[in-house]
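Heads up: the structure comes next, in structure tokens.
What follows draws every value from the coordinates through simple rules; no lab data is involved. Keep in mind the model is a prediction, meaning the values are calculated, not measured. No Cβ is skipped: glycine too gets one built from the backbone with ideal geometry, and neighbour counts run over all protein chains shown.
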Amino acid sequence: MIKWTTLRTVILTMETEILVADLYNWKDASVTASALLKDGQVVALPSETVYGLAASIYEEEALDYIFEAKGRPSYDPLIVHIGEVSDLSKVAEISDELKPIVNLLTETFWPGPLTLVLPKKKEISNTITSGLDTVAVRLPENEILRETCKIAGPLAAPSANRFGSISPTSASAVFKELNGLIPLIVDGGASREGIESTIIKPSPAPAEGKKPIFTLLRPGATTREELRKIGKIEKPKPPKKDSTESIKVDAPGMLDSHYAPKTPLYLFNSFEEFKPEEGKKYGLFTLKGEDGMYFKKHAWDEVMTLSPGNGKTKEGAVRFFWAMRQLDEKGLDAIIAEPMNTANIGEAMMDRLRRAAVNC
């Protein structure tokens, strides 16, 4: 078996291959990716949320290399992806008390962009969970990723980008971030959702006749409004430091600074807070474009509209990271992000903007 300790030097001297997976060969692409994963390698795979950097949960060196390739801190845990609901038993230890709630969630939202934080099996590597006694797991809707999980087994797969930067929603975005660091990117087209999965930690109902409790650790493509139909939503505790001053988080994507472009991004509560400096170039990141709050208040050098003509948050989510990446490549001095309505998927977009903004 070829391990990263021997393969890495070779990979760094070659260009990463992009394998296009279309309507006719996507299963073949899953087979090719699975062979590499079973051989202890790391590959980028599409999902309905964002592209993921995948490794087998049973290959410790490959798991370590995910952190190395991304520059990801070891205290930030990974999400495990499975191919079938029955595979949940391979990674999570679910009590009889918790089982009905988990069954309700999986029947309602899986396959799809909802990640559950559950007690982990003792066999699950601490590298995946960052030493936590829980594991984050989901069943993806994307058929390429799901088929690969069925063939290669459960996969740990954070977003396929350098840590903290803009999440990739296309194979070309992954290539820009990780070319030369991984052997293969499976190109499954643009991500359909465009925003990462929602992460919750479910708990049993506090009393008979009450709804189960879902601690919302990260808003995402499954909305608060959808979750409220079957459970009560609670706020998470903020990330904290332990006695050694190390940061401890309960799930991926909870760090204050994340999802950020290289160009400084600012998020203001009102346009009056924006104080442009003479000679500097500014870009506007807006949902509605001409119908937005900021469009006509400044002579913007670049404007990126998430939902041209419609102002729909669902469409905006699909274009969110793509549009941010486009502005980031325009040579601007700063990006000004317009606030968005936090209803439905807008909550996840505002969460990402706050974490990306240098002034939040």
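Data for the structure
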item: Convex hull volume per residue in cubic angstrom - Cα atoms of segment 112-216; result: 148 Å³
item: Taking the chain and dividing mean pair separation by its residue count, relative contact order in percent (alpha carbons under 8 Å, at least six apart); result: 18 percent
item: Globularity index of segment 4-187, i.e. its alpha-carbon radius of gyration over 2.2 N^0.38 Å; result: 0.98
item: Residues T148, T223 arranged by fewest to most Cβ contacts within 10 Å; result: T223, T148
item: Around L284: net Lys/Arg minus Asp/Glu count, Cβ-Cβ under 12 Å; result: +1
item: Full-stretch length increase - S74, A205 - with 0.36 nm per residue and alpha-carbon distance subtracted; result: 43.8 nm
item: Calculated over segment 253-360: convex hull of Cα atoms, volume per residue (Å³); result: 95 Å³
item: Gyration tensor (Cα) of segment 75-125, equivalent ellipsoid semi-axes in angstrom; result: 17, 14, 10
item: Note, ³J(HN,Hα) from phi for segment 174-184, Karplus 6.51, -1.76, 1.60, rounded to Hz, x at Gly and Pro; result: 5, 4, 5, 8, 10, 4, x, 9, 9, x, 8
item: Kirkwood Rh (inverse of mean 1/r, distinct Cα pairs), segment 155-236, angstrom; result: 15.1 Å
item: Calculated FRET value between N341 and R192, using beta carbons and R₀ = 22 Å, to 0.05; result: 0.55
item: Selected from T286, T263, T49 as most flexible by GNM, with the chain as the system and alpha-carbon contacts under 10 Å; result: T263
item: Within segment 10-103: Cβ-based charge dipole about Cα centre, in debye rounded to nearest 20 (Lys, Arg +1; Asp, Glu -1); result: 120 debye
item: Burial ordering of F274, F321, fewest other beta-carbon atoms within 10 Å first; result: F274, F321
item: Summed side-chain charge close to A190 - residues other than A190 whose Cβ falls under 14 Å, Lys, Arg +1, Asp, Glu -1; result: -2
item: Estimated FRET transfer efficiency (E234, F274; beta-carbon r; R0 25 Å; 0.05); result: 0.10
item: Förster radius 41 Å - calculated FRET efficiency between E226 and F295, Cβ distance, rounded to 0.05; result: 0.85
item: Ellipticity estimate at 222 nm from DSSP helix runs (n ≥ 4, -39,500 (n - 2.57)) divided over the chain, nearest 500; result: -8000 deg cm²/dmol
item: Amide hydrogen neighbours beyond the local backbone of V303, cut-off 5 Å, H modeled; result: L284
item: Cβ-based exposure ranking for D351, D22, D96, D291, in which fewest neighbours within 10 Å come first; result: D96, D22, D291, D351
item: Rg/Rh for the chain, where both radii come from Cα atoms and Rh is the Kirkwood radius; result: 0.97
item: Mean projected area (nm²) of the alpha-carbon convex hull when segment 199-327 is viewed from all directions; result: 11.6 nm²
